[in-house]
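A short write-up of the structure that comes next.
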Amino acid sequence: MTDMTDGAIAPGARRMGAASDLYRAVWRWHFYAGLLVLPFMITLAVTGGLYLFRDEIDGYLHADLKRIEAQQATRIAPSALVAAALEAAPGTAIKYIDPPADDWSTEITVQTPEGRTAVYLNQYSGQVLGTLPDRGTVAWTIRYLHSLRYFGPTARSVIEIVGGFAILLVATGIYLWWPRGQRGGVVSLRGVPGRRIWWRDLHAVSGIFTGGFIVFLTVTGMPWSQHWGGKVNEWANGRNFGYPAGLRTDVPMSGQKLDEIAKTAWSLEQAQIPESDAPAAGMRPIGLDRAVAAFESRGLHRGYSVALPKDAQGVYSGSVYPDDLRQQRVVHLDQYSGKALIDMSYGDYGPLGRALEWGINTHMGQTFGLTNQLVLVAVCIGIVMLAVSAGVMWWKRRPAGRLGVPPMPSDRKVLVGLLILLGIGGALFPLTGATLLVMILLDLVVQRFSRRSEPAST
């Protein structure tokens, strides 16, 4: 029995042909997306997996600066610690960072002629333990490598493109993985490592187990992206003000944003810093010691940072972002009266802000403690396996001396629907969409060149 009747193609054959064409189209664009982003995904997975243990890494590698012996003695006054820091690194003190625990040092950030310097001091004796460039620890280096911050705004835009393509890879990968009658290669591996089918199965299985996590990590990581994240942040905060509507007060606001003076939550990057009221005659600033006492009386979680006033209108800005989202807090104190001009916590964020902060917190391995870290480490390992297996599988499959692009579908009409779906994704992530357009144009050029180079049939 055949699929041919009176010279016409039977319906079953048509369906099989259409399915084959669709598979080829999806496979082709899955290949293109992978070719573009897999090296970046390896980098993001390795650096992200390491950054999950940032406290452990810095606590070990910078133990001489970060760790001290816990004592029962009274802690040195913050102002005395600042004075000691300025002796070690002459300049202007701009930030005081409270020790997160009894066996951790105090950190003072000083603006020197050479740049910002972090000075580490014993919180009990005032002894200077050493200095580093501000954010110069290994953990901060890993974070900046993860975000490509070292390579400028253009390189950071790549992260946004990679994020959009990662979602595309997951969607097309699920379609390619979907069981079509095969008994193996769905959740198990066939063959041995030397064979291409083993690498194909490793790619498929690691992809299906990590796909959902990849989408989650992409979506929760996008708020930090160069363009998309900034626009969403601005939209989420309305009027580019940063604070929820209920916390907007009539106090004077400076043009400075919270992100410019301290590590802050994504939802507060646009938040403007208030200004201190003009002091009454003879009124003097309360000083760092009283400001710290005020922050502690308000219950700021240990490990908070205090940005010092830069001028006569400046404020003492206390902020803390511990693992427990409920303990997130930002308090701005008038430098003369000590009055809280703005005091807000995670509960004051809007619904979108709370959802995004929860996602970001989980992305960083903080929401569920060690379990959160271990699960994401396993995911990062899976992503590396996914990328490496893709490379090996392609290398074993490609023809000698050629790129090995999957074949075009025989019926080009199937590309229309696929391109519409790609266009929707491109609209959600404009940089990804622009890159897709470039790739489509290049693909058309390659196809035309290939057809011209083919020998004429006889």
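The values are calculated or read from the model by the stated rules, or taken from the named source; none is laboratory data. Treat the numbers as computed from the prediction; the structure is a model and nothing was measured. Every residue, glycine among them, receives a Cβ derived from its backbone with ideal geometry; neighbour counts consider all protein chains shown.
Just give me the residues in the stretch 135-150 being modelled with pLDDT of 95 or more and part of a loop (DSSP other than H, G, I, E, B), in sequence order. 136, 137 - these are the residues of the stretch 135-150 that are modelled with pLDDT of 95 or more and part of a loop (DSSP other than H, G, I, E, B). Of all residues in the stretch 405-419, exactly one satisfies the criterion of being loosely packed, with under 13 Cβ neighbours inside 10 Å and modelled with pLDDT of 75 or more, namely 407. Hey, could you check the stretch 253-271 for residues that are in contact (Cβ under 8 Å) with a residue 24 or more places away in the chain and either surrounded by fewer than 16 Cβ atoms within 10 Å (Cβ to Cβ) or not assigned by TED's automatic domain parsing to the domain that holds residue 304 (or both) and say which is farthest from the chain's Cα centre (by Cα)? Once the filter is applied, the top-ranked residue is 254. Across the stretch 123-180, the number of residues qualifying as under 18 Å from the mean Cα position of the chain (by Cα) and among the polar types (S, T, N, Q) comes to 4.
Would you mind stating whether residue 98 is buried (at least 20 other Cβ atoms within 10 Å of the Cβ) and closer than 28 Å to residue 260 by Cβ? Before you say what the answer is, go through the steps one by one.
Working: buried (at least 20 other Cβ atoms within 10 Å of the Cβ): yes; closer than 28 Å to residue 260 by Cβ: yes.
Yes.
The single residue among 225, 206 that is surrounded by 20 or more Cβ atoms within 10 Å (Cβ to Cβ) and under 29 Å from residue 305 (Cβ atoms) turns out to be 225.
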